[in-house]
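Please read the structure below before turning to the comments.
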Amino acid sequence: SDCIALPGLLAGYVFALDGSIAYAGRIQSARSDPIGHFYDRAEILHPYLMEQGRPAHIVTANALVWHEAFDAVGGFDPAFSFAAGEDVDIGLRLAAIGRIQWADQATVAHDYGGVRELVMRFFRYGRANALLELKHGVPFKPSFHGVPGVITYGPFAAMRFISVRLGYQAES
């Protein structure tokens, strides 16, 4: 609902097809403003890439998952009852049963909204981090170390960190 398919989206997925069970596409900001630049610079909705450039999970703002794989992992976990973490969770479960491929040329533009949406989004992400940590036993506790864009986008990076931390604490 807040993403726009850019030209070549489907062709980008076709180009990436290699027998993987899921594909993670590129997400860029729909706006050319300071917040949009912060999201792009910090690669907020960019899945963590592992060896050989394969994603560790998917981001459902732009992903392709084969129906059989979706069913095999039981779909989305209803414990993630808000818009955050459900895609990382299903992506981690998908990665446990098969290969996820990076579809670099399949791109959507995402409208992130303004400052209020930034704070609310990262609070939800913090809550989701606590749930992901509990479910998967992998540390998701927020850390300010290594937050991209700190020097250039200091206020946004600080808002991001504080919001994630507060959400994490609220759910823990």
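The values are calculated or read from the model by the stated rules, or taken from the named source; none is laboratory data. Values in this document were obtained by computation on a predicted structure and should not be read as measured data. Here the Cβ positions follow ideal geometry from the backbone for every residue, glycine too, while neighbour counts run over all protein chains shown. All accessible areas refer to the heavy atoms of the entire protein, side chains included, with ligands and DNA or RNA removed. Shrake-Rupley method; radii C 1.70, N 1.55, O 1.52, S 1.80 Å.
For this structure, a couple of remarks:
- Length gained when the stretch D104-L134 is fully extended (0.36 nm per residue, less Cα-Cα span): 7.7 nm
- Stretching F15 away from H37 to a fully extended chain increases their span by 5.2 nm, per 0.36 nm per residue minus the current alpha-carbon distance.
- Extension gain for A56-R116 works out to 18.7 nm (0.36 nm per residue, less the C-alpha to C-alpha distance).
- The charge dipole of the chain, taken about the Cα centre with unit charges on the Cβ atoms of Lys, Arg (+1) and Asp, Glu (-1), comes to about 480 debye, rounded to the nearest 20.
- Efficiency of FRET from Cβ geometry, L49 and F76, R₀ 25 Å, rounded to 0.05: 0.65
- Accessible area of segment 1-111 belonging to carbon and sulfur atoms, whole % at 1.4 Å probe: 56 percent
- Per residue, the solvent-accessible area of the chain (1.4 Å probe, heavy atoms of protein chains only, all protein chains present) comes to 52 Å².
- Amide H contacts for R31 (H built 1.01 Å from N in the peptide plane; partners 5 or more residues away or on another chain; cut-off under 5 Å): Y112.
- Comparing mean-square fluctuations of A11, A130, A61 from a GNM of the chain with C-alpha springs under 10 Å, the top value falls on A11.
- Three-way shape label, the chain, alpha-carbon gyration tensor, a/c 1.5: oblate
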